[in-house]
Amino acid sequence: LDFLFPLAAMSAADIARIVSEGLAPDDPLAGWFRAAADGVLHVDIEGMLTGSIDLVARVDGRYVVADYKTNRISDNAAFTRAEMVGEMERHGYPLQAVLYLVALRRYLSFRLPEVDVDDCIGGAAYLFVRGMTPTSTAVAVGDQVPGVMWWTPPPTVIARLDAEIAPEVRRGG
């Protein structure tokens, strides 16, 4: 799914602050967003954001974004949840995930204007292909399996971020 949308003048730290305020303390990516909000990530943004989501899938009536990663974590990595979270944090993938979820939300709001899109979004999956096994793809959303990192932020976080990034974007119709 290719996307292009306007971004208001803000910083990556502003985005991280918005997300961190809505995450539960035990969210696996909450620490990264708090650190980024505190200024670890110094990137000012404004203009147009373009990207391409590797996969949008409908699972049990909800849409999820998926991104394939070929990272080599270590020679003896088991691709546990903790190892994948660490890899995501090292490469800034949490920021990518929330922007992809905003892009999906916008896409669905234009394609399905009669539906509450916040009820339709199931989160993001990062598929670390070097750690996946044939059974990795045969699990329910949210299950913990080697090579598959599921992340489902609260729908209110994505909705708020969407509104803050570009409040002038018209929805539906």
_Can you go through 21, 87, 46 and tell me which one is over 14 Å from the mean Cα position of the chain (by Cα), surrounded by 18 or more Cβ atoms within 10 Å (Cβ to Cβ) and charged (D, E, K, R)?_
87
*Exactly one of (1) at negative phi; (2) of a type outside the set (Ser, Thr, Tyr); (3) open to solvent by less than 60 Å² (accessible area, probe 1.4 Å); (4) modelled with pLDDT of 95 or more is unmet by residue 123. Its number?*
(1)
*Mind listing whichever residues of the range 49-80 are assigned to a loop (DSSP other than H, G, I, E, B) and either open to solvent by less than 30 Å² (accessible area, probe 1.4 Å) or hydroxyl-bearing (Ser, Thr, Tyr) (or both)?*
53, 70, 71, 74, 77, 79, 80
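Which residues, taken from the range 49-69, are among the hydroxyl-bearing types (Ser, Thr, Tyr) and modelled with pLDDT under 95?
Start the filter on the range 49-69 by keeping residues that are among the hydroxyl-bearing types (Ser, Thr, Tyr), which leaves 50, 52, 63, 68.
50, the sole residue that qualifies.
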*Which condition does residue 20 not pass, out of (1) part of a helix (DSSP H, G or I); (2) more than 16 Å from residue 102 (Cβ to Cβ), if it passes all the others?*
(2)
*Does at least one position in the range 135-142 carry a residue that is at pLDDT below 95, more than 21 Å from residue 55 (Cβ to Cβ), out of contact with any Cys (no Cβ under 8 Å at 6 or more places or on another chain) and open to solvent by less than 10 Å² (accessible area, probe 1.4 Å)?*
no
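The values are calculated or read from the model by the stated rules, or taken from the named source; none is laboratory data. Owing to the predicted nature of the structure, the values given are computational and were not obtained by experimental measurement. In this analysis, Cβ positions are derived from the backbone assuming ideal geometry, glycine residues included, and neighbour counts consider all displayed protein chains. What goes into the accessible areas is simple: the full protein's heavy atoms, side chains included, and nothing from ligands, DNA or RNA. Shrake-Rupley method; radii C 1.70, N 1.55, O 1.52, S 1.80 Å.
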